[in-house]
């Protein structure tokens, strides 16, 4: 399954919820939707069990530019106008099915997801307080900074 490193160690409730959304077509992904369409409930449970028990690789990001971005991202994630940890739990470790772990996710994955939320907001007005609404408040520098910081956190 494409995206395995992003799923490794993820909250099983979140993974099950995400797969259900891909299957129902309420979460868009040109890669995941066709895969999820063919999954039975038992398939989804098996995938959820498998990937939630995996240990993701740790990505090294020690370049000075990334360190500077990560410092700015730390402030955004902890106390910024769209404080990540207020929904995604302490240290970004996740908080139930709707708020997955964002700690240790690859920076590109985080950036791509925020861009997806922004795209949704352009297509339809987002509900207040949703991640789609939060994403509309972030500029590209804030997205990169948050992604740099979150990608360095332990899972």
Helix 41-52 versus the longest principal axis of the chain: what is the Cα-based angle in degrees, 0 to 90, to the nearest 10?
40 degrees
Using a 7 Å offset from the Cα along the Cα-to-Cβ direction at both residue 123 and residue 67, what is the distance between the two label points in nm, to one decimal?
4.1 nm
Between the modelled labels at residue 31 and residue 137 (7 Å from Cα along Cα→Cβ) the distance in nm is 2.9 nm
Compute the angle between helix 64-79 and the longest alpha-carbon principal axis of the chain, please, reported from 0 to 90 degrees and rounded to the nearest 10.
80 degrees
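Could you work out the relative contact order of the chain? I mean the mean sequence separation of Cα pairs under 8 Å and 6+ apart, divided by the number of residues, in percent.
28 percent
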Helix 12-24 sits at what angle to the longest principal axis of the chain, using alpha carbons and giving 0 to 90 degrees rounded to 10?
70 degrees
Please give the peptides 97-105, 39-47, 145-153, 114-122 ranked by average Cβ packing (other Cβ atoms within 10 Å per residue), highest first, as a rough proxy for protection.
145-153, 97-105, 114-122, 39-47
Difference of contour (0.36 nm per residue) and Cα-Cα distance, residue 40 to residue 116
24.8 nm
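Every read-out reported here was derived from the displayed coordinates using simple, explicitly stated rules and does not represent laboratory data. Just so it is clear, the model here is predicted, and its values are computed rather than measured. Please note: Cβ atoms are built from the backbone with ideal geometry, for glycine as well, and neighbour counts cover all protein chains shown.
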